[in-house]
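S.K.: Below is the structure I would like to discuss, written out as structure tokens.
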Amino acid sequence: MRLSVIVIMLLALAGCGGPRAVLGLPVDASSGAKPQAIVPIFVATTRAPSGNLSLPFSAERSKTLNFAKLDIGIPQNHVPGNVEKSGRVPDPKRHFSARTFQPIDQRQEFVRQLNAALARRAPEDREIFIFVHGYNNNFADSVFRNAQIVYDYNIKSVALHYAWPSGAAIPLYVFDRDSALVGRRGLAETIEIAAQTNAKRIVLVGHSMGAYVVTEALRDLALRGRTSTLKRLGGVVLAGPDIDVDVFQSQLEDIGDIPRPFTIVVSRRDRALGISRRLAGGHPRVGSGADIKMLQDKEIAVIDVSDVDGGTHSVFATSQTLMDVVNNDALMRNVLREEGAPAGQTMLADGASVIEGAARLVIFLPSRLLGGMAQAAAGQ
């Protein structure tokens, strides 16, 4: 009975539902089916190579970092926020699919190709966007989610996907937790590689258990004295982080001077993190917004999406409201101009009249910024 209850809880905690995705390689050139867009994704992974093109990296843990580049097709029927996938050979018109797969053997060649991709972009877009997936993802699941985020959020940066060895099975929550720790050094190395490129900025985003990989990698870099690498980070975002609050505070103490801006997306309605808390014996998770004041005091901005598009565990990737907000430059410039908001927070000014649902988005600013704003207001 106890095992059944745990399995049911893990089913609710699962990071991705529906069929388990496959890449769809090799491509059948004779079919004539074409996607509506192509998203190039560079990959660094501590998954072991499988030798199977339909899923070239397995759940086995690799002791070395492996590199590749893929072109991911966005299907013609794509709905923003969705990852349309198939457990069989995907139809490029209806499903996400890989159009090409290029293994890259050497670290130096990987850096060279990243630099070439950066050089093809406008100067203001010469940025590397590193995404780290969450629990219960196989390689195709995670790289498709990365491509969806890049496409739907209109991200012009070079996309670099870090794939740690998730077991991609619902009962393997503990295995994934261990794999997150195994994968931290690989992410630290990936960040170091990005720091060696000509990128103007490096932005690091981790979702769910992937956020745990991120904080452990930052801790690893700090403890090894890689301060120059940490300074190359132009922003860190943890979306729905599945991290114990006490563990997170300990990680921050080891990291010391955190990269800025440092932002955490939280939701009180995140059922997955509620179940994770129960599995952890009742210890609160950072992503549930259990201690926003502590995060503000640590110079971390907090975006509360509890009342945005259901506030689900993957709302950061699936919310049309968030996509509209991020893609509205005028609105983003006015995010911090709201007057009369409750102490310690700000809301999007008149957001409901600009973007439906945006007024429910609450932003908690770091204490340092709040103090500076108060001083500026007093001086006027």
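The values are calculated or read from the model by the stated rules, or taken from the named source; none is laboratory data. Just so you know, these numbers come straight off a predicted model, no measurement behind them. Please note: Cβ atoms are built from the backbone with ideal geometry, for glycine as well, and neighbour counts cover all protein chains shown. The area values use the complete protein model at the heavy-atom level, side chains included, leaving out ligands, DNA and RNA. Shrake-Rupley method; radii C 1.70, N 1.55, O 1.52, S 1.80 Å.
S.K.: Glu60 is checked against (1) closer than 28 Å to Arg185 by Cβ; (2) surrounded by 18 or more Cβ atoms within 10 Å (Cβ to Cβ); (3) acidic (Asp, Glu) and fails just one. What number does that condition carry?
M.R.: Of the numbered conditions (1) closer than 28 Å to Arg185 by Cβ; (2) surrounded by 18 or more Cβ atoms within 10 Å (Cβ to Cβ); (3) acidic (Asp, Glu), the odd one out for Glu60 is (2).
S.K.: Looking at the range 120-133 only, could you name the residues that are surrounded by fewer than 20 Cβ atoms within 10 Å (Cβ to Cβ) and assigned to a strand (DSSP E or B)? Explain how you work it out, then say what you get.
M.R.: The initial filter retains those residues of the range 120-133 that are surrounded by fewer than 20 Cβ atoms within 10 Å (Cβ to Cβ), namely 120-125, 127.
Scanning the range 120-133 gives a single hit, Glu127.
S.K.: Among what's in the range 70-86 and is crowded, with 19+ Cβ neighbours inside 10 Å and of a type outside the set (Gly, Ala, Ser), pick the residue that is modelled with the lowest pLDDT.
M.R.: Lys85
S.K.: Now, a different point. Working only within the range 261-283, note down all residues that are in contact (Cβ under 8 Å) with a residue 24 or more places away in the chain, open to solvent by 40 Å² or more (accessible area, probe 1.4 Å) and not hydrophobic (A, V, I, L, M, F, W, C).
M.R.: Within the range 261-283, Pro261, Arg268, Arg269, Arg271, Arg278, His283 qualify.
S.K.: Just name the residue that is nearest to Asp178 (Cα to Cα) out of those in the range 41-72 that are polar (S, T, N, Q) and more than 19 Å from the chain's Cα centre (by Cα).
M.R.: Ser62
S.K.: Among the numbered criteria (1) crowded, with 18+ Cβ neighbours inside 10 Å; (2) touching a residue at least 60 places away in the same chain (Cβ under 8 Å); (3) more than 26 Å from Ala180 (Cβ to Cβ), which single criterion is violated by Val89?
M.R.: Among (1) crowded, with 18+ Cβ neighbours inside 10 Å; (2) touching a residue at least 60 places away in the same chain (Cβ under 8 Å); (3) more than 26 Å from Ala180 (Cβ to Cβ), Val89 violates only (1).
S.K.: Take the residues of the range 214-233 that are small (Gly, Ala, Ser) and open to solvent by 30 Å² or more (accessible area, probe 1.4 Å): which is nearest to Gly256 (Cα to Cα)?
M.R.: Here the residue is Gly225.
S.K.: Give Ser54, Ser58, Ser97 a once-over and let me know the one that is out of contact with any Phe, Trp or Tyr (no Cβ under 7 Å at 6 or more places or on another chain) and within 24 Å of Tyr153 (Cα to Cα).
M.R.: Only one candidate passes the filter, namely Ser97.
S.K.: Also, I was wondering about something else. Look through the range 134-173, keep the residues that are surrounded by fewer than 22 Cβ atoms within 10 Å (Cβ to Cβ) and among the polar types (S, T, N, Q), and return whichever of them is farthest from Leu118 (Cα to Cα).
M.R.: Of everything passing the filter in the range 134-173, Asn154 is farthest from Leu118 (Cα to Cα).
S.K.: Same structure again: Being hydrophobic (A, V, I, L, M, F, W, C) and either over 13 Å from Leu25 (Cα atoms) or in a strand (DSSP E or B) (or both) is the filter here, so list the residues in the range 39-56 that pass it. Full working, then the answer.
M.R.: Taking the range 39-56 as the starting set, the residues that turn out to be hydrophobic (A, V, I, L, M, F, W, C) are 39, 41-44, 48, 53, 55.
Across the range 39-56, the qualifying residues are Val39, Ile41, Phe42, Val43, Ala44, Ala48.
S.K.: For residues that are acidic (Asp, Glu) and in contact with a Ser or Thr (Cβ under 7 Å, 6 or more places away or on another chain), scanning just the range 170-228, find the one that is farthest from Phe42 (Cα to Cα).
M.R.: Asp176
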